[in-house]
1. Kindly provide the set of residues from the range 77-96 that are in a loop (DSSP other than H, G, I, E, B) and surrounded by 13 or more Cβ atoms within 10 Å (Cβ to Cβ), ordered by number.
2. Return a yes/no flag: does the range 162-173 have any residue that is touching a residue at least 60 places away in the same chain (Cβ under 8 Å), under 14 Å from the mean Cα position of the chain (by Cα) and buried (at least 21 other Cβ atoms within 10 Å of the Cβ).
3. For the range 136-151, how many residues meet the condition of being within 22 Å of residue 75 (Cα to Cα) and in contact with a helix residue (DSSP H, G or I) (Cβ under 6 Å, 6 or more places away or on another chain)?
4. Quick one: is residue 151 under 24 Å from residue 105 (Cβ atoms) and either touching a strand residue (DSSP E or B) at 6+ places or on another chain (Cβ under 6 Å) or at pLDDT 95 or above (or both)?
5. Determine whether residue 18 is under 20 Å from residue 214 (Cα atoms) and assigned to a helix (DSSP H, G or I).
6. Looking only at the range 24-46, decide whether some residue is touching a helix residue (DSSP H, G or I) at 6+ places or on another chain (Cβ under 7 Å) and at positive phi.
7. Quickly run through the range 21-64 and pick out the residues that are outside any helix (DSSP H, G or I) and within 30 Å of residue 191 (Cα to Cα).
8. Among the residues of the range 107-116, is any under 17 Å from the mean Cα position of the chain (by Cα) and closer than 28 Å to residue 191 by Cα?
């Protein structure tokens, strides 16, 4: 068991349950994935309600459901022993809302979301619950489910298509995701081994800069496109 309550994205104030609850969401990484979904939506013709919908879908599916499943079903217990039924109920509830929204737009006029949703659903369960012996709990799965598919989904909900612009954006998001996850894994290893504090701070600062970069780019991109 590895205690992650000391990590940079966990609040320093509040009760332990509050800090764990917020920490479990991995908000910086959740925001990055949500931003990638926004990139796909903003990469071509778009309407605001669909942009908002795809962001809500990914925040619920990845930010809440996937991370809740990982917290109680993964091999490691980074947040300690949690009330499994309660956490699973939260994961299922969030996932039901996310899939309901996705199905609404898929049946409406974006059937490509069916395919993307099935693939994302597979990775959500296979990665976070470490199914198939944990074979899909790796960097490649993360790059696909966090870096590529959100961009595709953002485009699909708007135009039911994957354009060249979408593919180019997904290459950028996939590269950022790979850099993020590899840096994050090194950071966790350093934290676990209680290595040199300067090295830990260096990796932590890189993770913060990646998060800030994606947020600033997304906000700026949104303003330019919407206005």
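The values are calculated or read from the model by the stated rules, or taken from the named source; none is laboratory data. Note that the coordinates shown come from a computational prediction; the quantities given were computed from them, not determined experimentally. Here Cβ is always computed from backbone atoms with ideal geometry, including for glycine, and neighbour counts include all displayed protein chains.
1. Those that are in a loop (DSSP other than H, G, I, E, B) and surrounded by 13 or more Cβ atoms within 10 Å (Cβ to Cβ): 77, 78, 79, 80, 82.
2. Yes: the range 162-173 contains one or more residues that are touching a residue at least 60 places away in the same chain (Cβ under 8 Å), under 14 Å from the mean Cα position of the chain (by Cα) and buried (at least 21 other Cβ atoms within 10 Å of the Cβ).
3. Number of matching residues: 8.
4. Spelling it out, residue 151 is indeed under 24 Å from residue 105 (Cβ atoms) and either touching a strand residue (DSSP E or B) at 6+ places or on another chain (Cβ under 6 Å) or at pLDDT 95 or above (or both).
5. no
6. Yes, the range 24-46 has at least one match.
7. At the first step, the residues of the range 21-64 found to be outside any helix (DSSP H, G or I) are 25-26, 43-47.
Within the range 21-64, 25, 26 qualify.
8. no
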